[in-house]
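Heads up, the thing below is written out as structure tokens.
The values are calculated or read from the model by the stated rules, or taken from the named source; none is laboratory data. Keep in mind the model is a prediction, meaning the values are calculated, not measured. A quick note on method: Cβ atoms are made from the backbone with ideal geometry, for glycine too, and the neighbour counts reach across all protein chains shown.
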Amino acid sequence: MVAPPTIKQIDQRYNLVLSNKVIYDGGTNSIRACKSSHCKQALVAKMINYHEPDLVQMLEREAQYATKIVHANIVKFHGTIAHNDAPVLIYDRFKYNLDDAIHACRRPSKEKRIQMCIDLLDAVAWMHALDT
């Protein structure tokens, strides 16, 4: 298992400081809050929970795709750094997910619900077009 970093600088290139705040903790990876003196935007670091070649390759593939993605409905990818011989992916931190957006609207109109679906499908279609 990869030892989880404590609050400390983990990359001098970006002057990235990783927080102890875990935003998501799954079976294979976790997402933690981080910040950089080079970027005013709140960031997150996606890292594997244990070192296994398949998981490392999975994150490396994700990074390859993420570098191609520039879309209004998809969170921005900043780059990859190495920590404990494993890739760490750095993304913008977003405050809301789709479920939060729907609930924030209380009772969204039919037009608003349709537009949300169109935006979501547009992002998915755009990502699938990258693989062709």
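Data overview
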{"read-out": "Qualifying residue in the stretch 108-128 (condition: part of a loop (DSSP other than H, G, I, E, B) and not assigned by TED's automatic domain parsing to the domain that holds Ser36)", "value": "yes"}
{"read-out": "Those residues of the stretch 97-118 which are more than 17 Å from Asn73 (Cα to Cα) and of a type in the set (D, E, K, R), in sequence order", "value": "Arg106, Arg107, Lys110, Glu111"}
{"read-out": "Members of the stretch 55-92 found to be in contact with a Lys or Arg (Cβ under 9 Å, 6 or more places away or on another chain) and in a loop (DSSP other than H, G, I, E, B), listed by number", "value": "Ile69, Val70, Val75"}
{"read-out": "Tally, over the stretch 102-119, of residues that are surrounded by 13 or more Cβ atoms within 10 Å (Cβ to Cβ) and either hydrophobic (A, V, I, L, M, F, W, C) or under 18 Å from the mean Cα position of the chain (by Cα) (or both)", "value": "2"}
{"read-out": "Failed criterion for Pro87 (all others in (1) outside the structural domain of Leu18 (by TED's automatic domain parsing); (2) in contact with a Ser or Thr (Cβ under 8 Å, 6 or more places away or on another chain); (3) not charged (D, E, K, R) hold)", "value": "(1)"}
{"read-out": "Unique residue being out of contact with any Ser or Thr (no Cβ under 9 Å at 6 or more places or on another chain), over 23 Å from Ala125 (Cβ atoms) and not acidic (Asp, Glu) when the list is Lys68, Lys95", "value": "Lys95"}
{"read-out": "Elements of type strands (runs of 3 or more DSSP E) in the stretch 8-54, at least 1 residues being modelled with pLDDT of 80 or more, in contact with a Leu (Cβ under 8 Å, 6 or more places away or on another chain) and basic (Lys, Arg)", "value": "29-36, 39-48"}
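Here's the yes/no breakdown for (1) without any contact (Cβ under 8 Å) to a residue 60 or more places away in the chain; (2) surrounded by fewer than 17 Cβ atoms within 10 Å (Cβ to Cβ); (3) touching a Cys at 6+ places or on another chain (Cβ under 8 Å):
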residue: Asn49; (1), (2), (3): yes, yes, no
residue: Phe77; (1), (2), (3): yes, no, no
residue: Ile90; (1), (2), (3): no, no, yes
residue: Phe94; (1), (2), (3): yes, yes, no
